[in-house]
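Have a look at the structure below, then the notes.
Bear in mind that the values in this text are calculations on the coordinates, not laboratory data. Here the structure is a predicted model, which is why all the values come from computation and not from measurement. In this analysis, Cβ positions are derived from the backbone assuming ideal geometry, glycine residues included, and neighbour counts consider all displayed protein chains.
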Amino acid sequence: MAVERLQKVLAAAGIASRRGAEAMIADGRVTVDGKAARIGAQVDPDRAVIAVDGRVIGAAAMAAYLLLHKPAGVVSTTRDRHAAKTVLDMIPTALVPDGARLYPVGRLDQDSEGMLLLTNDGGWAERVLHPSHGVEREYALGLAAPLTGEQVTALRAGIEVEEGLATLGLLRPMTEIEIERLEDLLRPPAVRLIWYRATLTQGWKRQLRRMFGAVGAPVQRLVRVRIGPVRIDGLRSGTVRPLKAPEIRGLGSGGGRSRQGKE
């Protein structure tokens, strides 16, 4: 559908008259794709996630919250003319509400794998992503050789990158049970790697790869295994499932530090 003025879309949806809709926008009660709207904004009502007082209206009114185990080689953008496959190609149509436009919550590098959230709820996505909410991401990192004491010390102290001091929360070797459970989910299988766990709240581009590369320990395989309170447990590579109600609430509230607490 062609773009229309936002106040016209609100009026057509029965929210208010056009003048009333303008007043609602001016009062900051309307958001588009999770951001405060402005009077006169042009939107595509079939694609934009429009909310009034936090309630989504229109085609995106039925919210969807999905968890995908993204394989390596798949891009996490919704459109890429150079990519053979995007994450949207992996979502069964039965899991997408009619008229909904799903998009990834954050990014996961093409050569990385693991947990990726998708939704059409812009406000919820913003709460998950914003650093002020402190939603942790935990990763499994497969290395060719064990870290030395000097490398561990350097990583825990932080690595200077372009954005500033890149830091980790947790850094520890994975247990044999954790490795077995993870490798059961991966496709293709992991081969002869030394596995570690690390947590992040900063989320800078390719942060872990840059940090480990800076100390001479390039990452061979990187798998996101936890986002806030939600874990990858049982979700095989290439599969997707809807989030459960407690998971949606936990992520949207900005919760999700590990029970270990000192990560």
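What is the dipole size for region 20-128, taken about its Cα centre, with +1 at each Lys and Arg Cβ and -1 at each Asp and Glu Cβ, in debye to the nearest 20?
For this selection, approximately 80 debye.
With 10 angstrom as the radius, rank TRP195, TRP124 by how many other C-beta atoms surround their C-beta, starting from the fewest.
Ascending Cβ contact count within 10 Å gives the list TRP195, TRP124.
Kindly work out what percent of the DSSP beta bridges joining two residues of the chain are antiparallel, to the nearest 5.
95 percent
Students often check this: by mean Cβ neighbours within 10 Å, which of 171-178, 214-221, 134-141 ranks highest, and how do the rest follow?
134-141, 214-221, 171-178
Can you give me the span-like helices of the chain, meaning DSSP H runs with 18 Å or more of Cα extent along the axis and Kyte-Doolittle mean at or above -1.0?
none
Run lengths n ≥ 4 of DSSP H only: what is the helix-derived mean residue ellipticity at 222 nm for the chain, with -39500 (n - 2.57) per run over all residues, to the nearest 500?
-6000 deg cm²/dmol
State, as an integer percentage, the relative contact order of region 4-60 based on alpha-carbon contacts under 8 Å between residues 6 or more apart.
Once normalised by length, the contact order is 32 percent.
Tell me, what is the Rg over Rh of region 4-60, with Rh the Kirkwood radius over Cα pairs?
Radius of gyration over Kirkwood radius for region 4-60 works out to 0.89.
Based on Cβ point charges of +1 for Lys and Arg and -1 for Asp and Glu, what charge dipole magnitude is obtained for the chain about its Cα centre, in debye rounded to the nearest 20?
Magnitude of the dipole: close to 200 debye.
Taking every Cα atom in the chain, find the radius of gyration and the maximum pairwise distance Dmax, and write them in Å.
20.6, 67
For the chain, calculate the relative contact order in percent as a whole number, restricting contacts to Cα pairs under 8 Å that are 6 or more residues apart.
20 percent
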